[in-house]
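S.K.: Have a look at the structure that comes next, please.
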Amino acid sequence: MTTTGSSVSTPLEPAPATVEVSQPESSAKSRSRTGQPRTALWAALVVGLTLLLLIGVLATRKSATSAVAPSQLIGRPAPDIEGPVIEGGLAGTTMRLSDLRGRWVVVNFFATWCVPCVREHPELARFSQSHPPAQAQVLAVVYDDQPADVRRFFAQRGGSWPVVDDPGSKVDYGVRGIPESFLVAPDGTVRSRIIGGVTAAGLDSLLRQAGATPPG
């Protein structure tokens, strides 16, 4: 007699249920709001440090004395400069660069907080004293400075040339750092661009190269 065994099947255990815990919307928004101030703070710090570095470079940049540099303005009419005279014999009046046509003009962009500008100031004074105003003239243009600081600067260090406040002129001349100067011929054309602090001897050399009569 053949005995047939019955097969016993083991019941399958149910798979553990997957429980998805959703992040409450209010909590996600709270984290998002918390992150925003931190991002803004870091952005503000980066911008602040960048500005400090830029000011440091401008204020302490080494003087490239009489470093003649190329410029698209050379050989072209100098952009006119116009603004109130805040220091010099014509203080309180309005002056234009074109008013000085017929003489050589050293257009000098400067600021009282600029260390190389302070260093070059005695050289500008020496140049100005050695040339009759009818022959050569220094015209200083303020670069991001306060009139009161400019007056104090000249009262302490001397200098009688006119100082004009014309904020737009630095754009017209493409000035990105100071000190920076331009030699303008009697016919109103730009002859040279000088980056860094000038010297009286360097300016006289540029005048001679341009065919100007040396001071008597």
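S.K.: What residue, of E87, E82, is among the charged types (D, E, K, R), under 15 Å from P162 (Cα atoms) and touching an Asp or Glu at 6+ places or on another chain (Cβ under 9 Å)?
M.R.: E82
Let's see how each residue does on (1) modelled with pLDDT of 95 or more; (2) closer than 21 Å to A210 by Cβ:
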site: P133; (1), (2): no, yes
site: V142; (1), (2): yes, no
site: D145; (1), (2): yes, no
site: V150; (1), (2): yes, no
site: W161; (1), (2): yes, yes
site: D165; (1), (2): yes, no
site: Y173; (1), (2): yes, yes
site: G177; (1), (2): no, no
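S.K.: Against the definition (out of contact with any helix residue (DSSP H, G or I) (no Cβ under 7 Å at 6 or more places or on another chain), in a loop (DSSP other than H, G, I, E, B), assigned by TED's automatic domain parsing to the domain that holds R103 and of a type in the set (A, V, I, L, M, F, W, C)), how does V175 come out, yes or no? Steps first, please.
M.R.: Working: out of contact with any helix residue (DSSP H, G or I) (no Cβ under 7 Å at 6 or more places or on another chain): yes; in a loop (DSSP other than H, G, I, E, B): yes; assigned by TED's automatic domain parsing to the domain that holds R103: yes; of a type in the set (A, V, I, L, M, F, W, C): yes.
Judged against the criteria, V175 is a match.
S.K.: Anything in segment 178-209 that is surrounded by fewer than 13 Cβ atoms within 10 Å (Cβ to Cβ) and assigned to a loop (DSSP other than H, G, I, E, B)? List them, or say none.
M.R.: D187
S.K.: So R152 passes all but one of these: (1) charged (D, E, K, R); (2) assigned to a helix (DSSP H, G or I); (3) in contact with an Asp or Glu (Cβ under 8 Å, 6 or more places away or on another chain). Which condition number does it fail?
M.R.: Looking at each condition in turn, R152 falls short on (3).
The values are calculated or read from the model by the stated rules, or taken from the named source; none is laboratory data. Given the structure is predicted, the values throughout are model-derived calculations rather than measurements. When we count neighbours, we look across all protein chains shown, and the Cβ atoms used for this are built from the backbone with ideal geometry, even at glycine.
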